[in-house]
Amino acid sequence: MDKLVIEGGTPLRGEVRISGAKNAALPLLFATLLHEGPSHIANLPRLQDVRTTLNLLIELGVGVRRSDDGTAVLDAANLLSHEAPYDLVRRMRASVLCLGPLLARNGHARVSLPGGCAIGARPIDLHLQGLEALGATIELAGGYVEATAPRGGLVGGRVLFDQVTVGGTENLMMAAATAQGKTTLENCAREPEISDLAMALRSMGAQITGDGTSIIEIEGIPKLGPMKHTVVPDRIEAGTYMAAAAITRGDVKLVGARLEHLDSLISKMAQAGVEVRREGNGLRVRHHGELHAVDVQTRPYPGFPTDLQAQFMALMTVAQGSSTVTESVFEKRFMHVPELNRMGADIQTKDRTAFVRGVESLHGAKVMATDLRASATLVIGGLAAQGRTEVLRVYHLDRGYEAIEEKIGALGGVIRRVPQDWEDD
């Protein structure tokens, strides 16, 4: 197990390339199960969650060839299994996204109930109710979901999600792509990663319209062809580096970042006094003055992303004035607060709202990473803090950030990865 050691106080300057989006790459990888042959995916990030997904696909019988340039060829011609076992699924919640494609391809799927970050209850009931609306029979037994399609395959239908669900929308899009007839999904997630999946499925011949809106319509076809697709840049990684540039009073260009995917964050950044503008093939973030306190509340896209709540809170810890950060998506997403307070932040929480009073500066401390985005937040805090910060248990970071210490180091940040001593735990 490793830790990151950070010497704070250096403004970040230069260019950083934004990697392919984790939250787009994982459903794309599972969607290759829908074609009985090879598919090609480019701009695949080098992340632990991607490796876990590839291992699961290999377990199912998919041939995988991955190149150093971020491309991968996945050949699902000869599946060996329709079961996603506990040992792999427990490591990553997104593994449940194999349920829809396996059911559509084989008529049967057995998938372990998922794991992932401990940021609150994220039941898959909406996934299962949607599949039942397409004719599937669902049973839960021994910690597994057993799903069976009708003899003739899944049948198109109407699915109204009780609440917005990104994974549920993705699972149903994949399942409905080859169902008989038309499927209408209502109250869908609208994230850019949903549209990226729709584009990839259309490259396979799927007939999908309405992605990016709350209603998606899918006209099922009997078979899909090969996928050929490039993963969209990671808006959450981009937002994380935006916060890091701002809190260190730096000047950073985010190569590949898309302004239209970050409207809500950029609006709040502007209110805080941070300049963000489009420049060439990316975005440029600059901040040299004072930060101003700004209130935020997380919402499903296009609202403020829950995956950037913690990073923005780190920024607010050194802003002038007081701000509130309200988490309306996940109920346990303030686990970074005690660790930021160890660094000198002044944050109090009540229910789903954090009350942040800006301090003059943070100071280095030994802190514990508790989940993926909290880990990035502690790195951001450490970059701005006076003195040395040690971030323990950074394996969370490796799930969602590609070579973070190398990218920060290239921007002038003083950061290194070292083995974590057993005393640190």
Any pair with Cβ under 8 angstrom, 6 or more apart, that starts in region 57-78 at a residue that is at positive phi and in the same structural domain as Asn106 (by TED's automatic domain parsing) and ends at one that is aliphatic (A, V, I, L, M) and part of a strand (DSSP E or B)
Gly70/Ala42
Could you check how many residues of region 175-227 are among the aliphatic types (A, V, I, L, M), touching a residue at least 40 places away in the same chain (Cβ under 8 Å) and more than 26 Å from Leu262 (Cα to Cα)?
9
Among (1) farther than 16 Å from Ile41 by Cα; (2) touching a strand residue (DSSP E or B) at 6+ places or on another chain (Cβ under 7 Å); (3) surrounded by fewer than 19 Cβ atoms within 10 Å (Cβ to Cβ) - the single one Gly212 does not satisfy:
(2)
Given the structure, is Ser81 touching a Phe, Trp or Tyr at 6+ places or on another chain (Cβ under 6 Å) and free of Cβ contacts under 8 Å to residues at least 40 places away in the same chain?
no
Candidates Met174, Met242, filtered to the one that is aliphatic (A, V, I, L, M), within 30 Å of Ile266 (Cβ to Cβ) and surrounded by 24 or more Cβ atoms within 10 Å (Cβ to Cβ)
Met242
Could you tell me how many of the residues in region 126-143 are within 24 Å of the chain's Cα centre (by Cα) and surrounded by fewer than 24 Cβ atoms within 10 Å (Cβ to Cβ)?
3
What about Met343, is it over 21 Å from Arg46 (Cβ atoms), of a type in the set (A, V, I, L, M) and modelled with pLDDT of 95 or more?
yes
Count of residues meeting criterion [crowded, with 24+ Cβ neighbours inside 10 Å and among the hydroxyl-bearing types (Ser, Thr, Tyr)] in region 177-203:
1
Has region 351-369 got any residue that is in a helix (DSSP H, G or I) and closer than 19 Å to Leu4 by Cα?
no
Residues of region 250-280 being farther than 16 Å from Ala21 by Cα, surrounded by fewer than 18 Cβ atoms within 10 Å (Cβ to Cβ) and touching a Lys or Arg at 6+ places or on another chain (Cβ under 9 Å), in sequence order, are Asp251, Glu275, Arg277, Arg278, Glu279, Gly280
Under 6 Å between Cβ atoms, at least 6 apart or on separate chains: pull out the pairs that start in region 143-169 with a residue that is among the hydroxyl-bearing types (Ser, Thr, Tyr) and end on any residue that is exposed (fewer than 13 other Cβ atoms within 10 Å of the Cβ).
Thr148/Thr137
Going by the conditions given, is Ala84 at pLDDT 95 or above and not charged (D, E, K, R)?
no
Options Val164, Val159, Val155; residue that is surrounded by fewer than 24 Cβ atoms within 10 Å (Cβ to Cβ), more than 29 Å from Asp87 (Cα to Cα) and among the hydrophobic types (A, V, I, L, M, F, W, C)
Val155
In the set Ala369, Ala374, which member is out of contact with any strand residue (DSSP E or B) (no Cβ under 8 Å at 6 or more places or on another chain) and touching a residue at least 24 places away in the same chain (Cβ under 8 Å)?
Ala374
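The values are calculated or read from the model by the stated rules, or taken from the named source; none is laboratory data. Please read all numbers here as calculations on a predicted model, not as lab measurements. Neighbour counts run over all protein chains shown; Cβ positions are idealised from the backbone, glycine included.
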